[in-house]
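Asks: Just dropping this structure here.
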Amino acid sequence: MKTFYIETFGCQMNAHDSEKVVGTLVEKGYQQMAKPEDAELVLYNTCSIRDKAEQKVFHRLQQFKYAAKNGHSKKTFGVLGCVAQQEGERIFERAPHVSLVVGSASYTKLPELLIQLEAGNQRVTGLSLDTNETFDTPFTRRDNPHRAYLTIIEGCDKACAYCVVPFTRGPERSRTSESVLREMQSLAGSGYTEVQLLGQNVNSYRDPSPAGLDFARLLAATGEIAGIRRVRFTTSHPRDFGRSIVDAIGEQPTLCNHVHLPVQSGSSAVLERMQRLYTRDDYMRRIEWMKNAKRDIAITTDIIVGFPGETEADFNRTIDLIDEIEYDSMFIFKYSKRPNTSALAYEDHIPEDEKTRRFMILQERQRVIQMRRNGKYVGRTEEVHVEGYNLATGQWIGRTSQNKTLNFHDVELPAPVEGRTLTGQYLDVLVTRAGPNSLAGHTQTLLQ
Ligand code: 5AD
Ligand code: SF4
């Protein structure tokens, strides 16, 4: 039996790609190992969104360079995903013990690449970006039996000045709505109740089949599939985010009331230099749709601080934007130079310590906002999908439709016992405490 190990970095798209890679390898007779030490084939599915993410894989490979002297010399190493696509054959120079380099658009070719590897070929690559096939494999090996990822669109046709994704994941390719809905029905048939629709920009989804659904109609259709209780989607680009998406969420309770809408900056001047294709006002209009929706929609975002040329006044516009919107949660990033991107040519790059200062200010401001927002949930009952049990805290971990973590105590089953678990169930939980990053409570039965 041939053995492999895979470690995944980066976004949910990458996590799902790894599930597809694992499924393909298992189908080809490979066995997955929990530790790299035990595997003949060691794979890293990599991310290059920021420099730090990219460095991780080279650190890992470096670790094994030394380990090779201690009996790991027979291992085969493969680099997959975004760093593979970006660096290509240069990876062989930086890490000569690597034998396989495969970009995210070339996983369909994995079986034939493996045959070349098994034949003893030392330098095997799959780096084409022009593939029209989306990686639609029946062998996907999903880790979580309740919550599944499902790709609806791959690649990205935008050209944000800071972003490497169009170079690593290629142009946009939408799957047909029939294929998406068929996979969703089959997921429901296998017992999945929650599905997350994935794409770099799900809002620009265009059904290539005669049904011709746009994203809002596809979303509404997924929400009607019997057995599916929750549908999520990520990620949205504000420019393509239409009001019909908000209306669909308002109408259909199975569509989770959470939207991740990356704003990146509160300054229209910075947005223009980022080539984001919307102004602050355009963005605020989308926020208004959500704030006026029939259901209480949680809104989260991504922000980049220290984009080249970001002045103190620009930064202050971001601060007043987050004060005005009061996001439920936010990821803040310090601008990081990426290869091939147009922002590299910009002047006035911001010093690292100034980026850090802006990062800390935003982080603290947002912590207070989240504390206040989450505090409003105390006393409310929220439905959670149970994700697991935390041994350290002795609490079940649940997630609300709004994507908030709600840790809770259950009197009937305080902890999982042989053959009994709450994982995968939907339960009503009374919220009794709130912190900036999570809620806590107990099931109603405690009160009776
Ligand atoms: N530097 C910093 N943050 C970045 N992001 C994307 N590219 C960069 C970069 N070069 C952030 C954006 C995006 C999130 C996934 O990562 O905020 O929404
Ligand atoms: Fe990282 Fe972007 Fe690639 Fe996802 S698509 S793995 S975030 S570089």
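Throughout, read-outs are computed from the coordinates displayed, never taken from laboratory work. Every value quoted in this text rests on a predicted model; they were computed, and no experiment measured them. Cβ sites come from the backbone with ideal geometry, for glycine too, and all protein chains shown count toward neighbours.
Asks: What ranking of 240, 410, 353 emerges when the number of other C-beta atoms within 10 Å of each C-beta is taken as an exposure proxy, fewest first? Present the calculation step by step, with values, prior to reporting the outcome.
Replies: Details: 240 17, 410 21, 353 8.
Lowest count first: 353, 240, 410.
Asks: If you stretched the chain out fully between residue 52 and residue 12, how much longer would it get, using 0.36 nm times the residue separation minus the C-alpha to C-alpha distance? Display every interim value, and only then the final one.
Replies: Working: separation 40, 0.36 × 40 = 14.40 nm, distance 1.77 nm.
Result for the pair: 12.6 nm of gain on full extension.
Asks: For region 380-448, what does the equivalent ellipsoid look like in terms of its semi-axes, each the square root of 5 times an eigenvalue of the Cα gyration tensor, given largest first in whole Å?
Replies: Equivalent ellipsoid of region 380-448: 17, 13, 11 Å, largest first.
Asks: With a Förster radius of 35 Å, plug the Cβ-Cβ distance of residue 128 and residue 1 into 1/(1 + (r/R0)^6) and report the FRET value to the nearest 0.05.
Replies: On the way: r = 31 Å, r/R0 = 0.88.
For residue 128 and residue 1, the calculated efficiency is 0.70.
Asks: Also: Can you tell me, using C-alpha contacts under 8 Å and at least 6 residues apart, the relative contact order of region 276-390 as a whole percent? Walk me through the numbers on the way to the answer.
Replies: Working: 88 pairs, mean separation 33.4, N = 115.
After rounding, I find 29 percent.
Asks: Note the per residue figure in Å³ for the convex hull of the C-alpha positions in region 265-391. Walk me through the intermediate numbers first.
Replies: Working: hull volume 21.4 nm³, N = 127.
Spelled out: Cα convex hull of region 265-391, divided by residues, is 169 Å³.
Asks: Full extension from residue 356 to residue 121: what is 0.36 nm times the residue separation minus their Cα-Cα distance, to one decimal in nm? Walk me through the numbers on the way to the answer.
Replies: Numbers: separation 235, 0.36 × 235 = 84.60 nm, distance 4.56 nm.
Stretched fully, the residue 356-residue 121 segment lengthens by 80.0 nm.
Asks: With 17 Å as the cut-off, how large is the P(r) tail for region 213-318, expressed as percent of Cα-Cα pairs? Each step should come with its number before you reach the end.
Replies: Working: 3063 of 5565 pairs.
So the pairs more than 17 Å apart make up 55 percent of the total in region 213-318.
Asks: Assigning unit charges at the beta carbon (Lys, Arg +1; Asp, Glu -1) and nothing else, what dipole magnitude in debye, to the nearest 20, does region 209-321 show about its Cα centre? Could the numbers behind the result be given before it?
Replies: Details: 15 positive and 15 negative charges, 80 e Å.
Around 380 debye, computed over region 209-321.
Asks: Using a Förster distance of 35 angstrom, determine the FRET efficiency expected from the C-beta separation of residue 296 and residue 418, and round it to 0.05. Numbers along the way, then the final one.
Replies: Working: r = 39 Å, r/R0 = 1.12.
With a Förster radius of 35 Å, E is 0.35.
Asks: I would also like to ask the following. Taking neighbour counts of Cβ atoms within 10 Å as a proxy for exposure, in what order, fewest first, do 61, 271 appear?
Replies: On the way: 61 19, 271 24.
Exposure proxy ranking, most exposed first: 61, 271.
Asks: Okay, next question. By its C-alpha gyration tensor, with a ≥ b ≥ c as the square roots of the eigenvalues, how is region 257-320 shaped: rounded for a/c under 1.5, else prolate for a/b larger than b/c, else oblate? Please list the in-between numbers first.
Replies: Working: a/c = 2.39, a/b = 2.17, b/c = 1.10.
Cα axes put region 257-320 in the prolate bin.
Asks: About its Cα centre, how strong a charge dipole does the chain have in debye, to the nearest 20, once Lys and Arg get +1 and Asp and Glu get -1 at the Cβ? Display every interim value, and only then the final one.
Replies: On the way: 56 positive and 57 negative charges, 117 e Å.
Dipole size: approximately 560 debye.
Asks: Also, I was wondering about something else. Between residue 93 and residue 367, what is the spin-label point distance in nm, taking each point 7 Å from the Cα along the Cα→C-beta axis?
Replies: 4.4
Asks: Now, a different point. State to the nearest 20 debye the size of the charge dipole of region 376-448 about its Cα centre, where the only charges are +1 on K and R beta carbons and -1 on D and E beta carbons.
Replies: On the way: 6 positive and 7 negative charges, 64 e Å.
About 300 debye.
Asks: Continuing with the same structure: Kirkwood Rh over alpha-carbon pairs of the chain, then Stokes-Einstein at 25 °C and 0.890 mPa s: what D in µm² s⁻¹, rounded to an integer?
Replies: Working: Rh = 23.6 Å.
Approximately 104 µm²/s, per Stokes-Einstein.
Asks: Also, I was wondering about something else. Subtracting the Cα-Cα distance from 0.36 nm times the residue separation, let me have the gained length for residue 326 to residue 179 in nm, one decimal.
Replies: Working: separation 147, 0.36 × 147 = 52.92 nm, distance 3.76 nm.
That pair, residue 326 and residue 179, stretches by 49.2 nm at full extension.
Asks: If you don't mind, another one. Based on alpha-carbon centroids, what's the gap between region 1-63 and region 283-332 in Å, whole number please?
Replies: Between the Cα centre of region 1-63 and that of region 283-332, the gap is 34 Å.
Asks: Taking the Cβ-Cβ separation of residue 186 and residue 393 as r and a Förster radius of 30 Å, what is the calculated FRET efficiency to the nearest 0.05? Show your work: numbers first, answer last.
Replies: On the way: r = 36 Å, r/R0 = 1.19.
For residue 186 and residue 393, the calculated efficiency is 0.25.
Asks: Give me the distance in nm between label points sitting 7 Å out from Cα along the Cα-to-Cβ direction at residue 244 and residue 226, one decimal.
Replies: Placing both labels 7 Å along Cα→Cβ, they lie 2.7 nm apart.
Asks: Which value at 222 nm does the chain reach when only helices count, each DSSP H run of 4 or more adding -39,500 (n - 2.57), with the total divided by all residues and rounded to the nearest 500 deg cm²/dmol? Present the calculation step by step, with values, prior to reporting the outcome.
Replies: On the way: 13 runs with 145 residues, N = 448.
One gets -10000 deg cm²/dmol as the mean residue ellipticity at 222 nm.
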